[in-house]
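Report on the following structure.
Read-outs: derived from the displayed coordinates by stated rules, not from any lab. None of these values were measured; they are calculated from a predicted model. With ideal geometry, Cβ positions are generated from the backbone for all residues, glycine too; neighbour counts draw on all protein chains shown.
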Amino acid sequence: MKLAMIGCGYVGLVTGACFADAGHTVTCVDVDAEKIGSLNRNEIPIYEPGLDAVVERNVVGGRMKFTTRMQEAVKSADIVFIAVGTPSRRGDGFADLAYVYDAARQIARALTGYTIVVTKSTVPVGTGDEVERIIREERPEAEFDVVSNPEFLREGSAIVDFVNPDRVVIGTSSGRPQKAMGELYQSLSANGLPIFFTDRRSSELIKYAANSFLAMKVTFINEIADLCEKVGANIQDIANGIGMDKRIGSQFLGAGPGYGGSCFPKDTLALVKTAHDAEMSLRLVEATVTVNGLRKRAMGRKVVAACDGDVRHRKITVLGLTFKPDTDDTRDSPSIDIVRSLQDAGAQVTVYDPLVRGAHEAFENVVHAADPYEACAGARAVVVVTEWKQFKDLDLQRVKDVMFGNVLVDLRNIFDATEAQRAGFRYVPIGKPADPRGADMHPYGWVTSEPHKGKQTAYAKPFVPQPAE
Ligand code: NAD
């Protein structure tokens, strides 16, 4: 099929590249001429593992190209995907649909022959109706259908997620686009993909309900982590203990500094606003938004408390700026609030992130270090905000030796308490006691199906709760 992908961001590029890989011809459009220039020089403007190779082989194979010219892409397309951003609108938090509606207007002008227009962007319920109205207004004679097809990929594992999804949701009540969209997605896999067909409005709402549910799950485990700290329990054992229940599931139970990223914050907020417009309140989602917002700054205060309440003029090192590993995305990352709250408390903040280097608008008045050991040199405290593998592999003794102080605040629970303490750290994890358990005891949090026969039992490792997003 001939496809046009409007928007070359995380979603548009990955979606376009994967469809091209399945043999379709994809023309990717973006208003950002610089981005299109980079792509035409074979430079991928975002970091997503494996994406460069997929893009390259499809460009070389003539199945993928990039342009700023909407007309060129849309006129010959069977299906046009709208994959532009839908950020929070300044002021009220509702999804800003200006980019979607602009794209719809430009698509309308370029339509020739029957075309399926798909909203892949995350859009509030009813947006498809408005896209249809705009196109109809611009081109009353045009032959088209508007379909909702929200995207569930996660940055960092976007390609695997896209070609191997838990489900594909397609929202339309017409048979023609249903058939075409079904065929398009089935071409991604020889074994067939689980496709869930529904009406357009339900499809739009599924995306927000899914993200809000996951955000709520993360926020729940974070609150339980706080309770663990108060009552002397261990959040990782709680997460294992509840995650082994299939009704709950082990994913999104890694306690941390609060969810961030390009989706959960804006999507929870937009869902709350959608409910307000419908003259009702989604109180669980509202509470999730509030609790998570407060938590991010509270993490800054946790660091200050670990430094005996005073970080004035002290060097504090923040490891990790992205909202999760394996992406260069810092949108709404908890590190933004944590850095600001440390600066508000008078700290001099040095940062290190494997992919975010040099000046960045979200991180002002910080020093960017070239590597983690340089970042930690002379620091009073080190705070781990993102669970990059590079940080898990750090030589803790070397980190401690280059520091001036001895505080290690591990907001992702990536280090072993015993090891950290052996290196000389005052170790502050999330939701569990800092002091390691007696070395002569069996570690807790292990499971066995063997009856205990009075001798050493073969312990099986439990599955590990997965972090958010
Ligand atoms: P992004 O900001 O990375 O990319 C959007 C791109 O659209 C930008 O390059 C921008 O220049 C371009 N654009 C804007 N208006 C345009 C127009 N009229 N014509 C052509 N290009 C235009 O956004 P993203 O992260 O890829 O997200 C896109 C949508 O997908 C959002 O609605 C988001 O909520 C949703 N989504 C994102 C993710 C994710 O992990 N990033 C996952 C699932 C769904």
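Observations on the model:
- Each label was represented as a point 7 Å from its Cα along the Cα-to-Cβ direction; for S189 and Q251 these points are 1.2 nm apart.
- Calculated FRET efficiency for the pair S76/A33, C-beta based, R₀ 22 Å, to 0.05: 0.50
- Note: relative contact order over the range 2-198, using C-alpha pairs below 8 Å and six or more positions apart, is 19 percent.
- The range 264-343 versus the range 176-236: alpha-carbon centroid distance in Å: 21 Å
- Value of D in µm² per second that Stokes-Einstein yields for the chain, Kirkwood Rh from Cα pairs, at 4 °C (1.567 mPa s): 54 µm²/s
- Ranked packing of 397-406, 120-129, 4-13, 412-421, most packed first, by mean Cβ within 10 Å: 4-13, 120-129, 412-421, 397-406
- At most 16 other Cβ within 10 Å, DSSP loop - GluC sites (Glu not before Pro), the range 144-250: none
- About the Cα centre, charge dipole magnitude for the range 224-368 (Lys/Arg +1, Asp/Glu -1 at Cβ), debye: 260 debye
- Degrees, to the nearest 10: 10-21 long Cα axis against longest axis of the chain: 60 degrees
- The chain - mean residue ellipticity at 222 nm from DSSP helices (-39,500 (n - 2.57) per run, n ≥ 4, rounded to 500): -12500 deg cm²/dmol
- Placing +1 on each Lys and Arg Cβ and -1 on each Asp and Glu Cβ, with no other charges, gives the chain a dipole about its Cα centre of roughly 620 debye.
- Within straight-line cross-link reach of K207, lysines at Cα separation under 19 Å, skipping those fewer than 8 residues along the same chain: K120, K217, K266, K273
- Full-extension gain in nm, D199 to E364, via 0.36 nm per residue minus C-alpha separation: 54.9 nm
- Near V84, once Lys and Arg are set to +1 and Asp and Glu to -1 for all other residues with Cβ below 13 Å from its Cβ, the sum equals -2.
- Anchor K315: lysines whose Cα lies under 29 Å away (excluding residues fewer than 8 positions away in-chain): K230, K296, K302, K324, K389, K392, K400, K432
- Using a simple spin-label model with pseudo-atoms 7 Å out from Cα toward Cβ, K392 and A53 lie 2.1 nm apart.
- Cα gyration tensor shape of the range 2-198, rounded if a/c is under 1.5, else prolate or oblate by comparing a/b with b/c: rounded
- In this structure the amide hydrogen of F144, modeled in the peptide plane, comes within under 5 Å of the amide hydrogens of T115, none closer than 5 places in sequence on its chain.
- Two-site label geometry, S157 and A209: point separation in nm, points 7 Å out along Cα→Cβ: 2.4 nm
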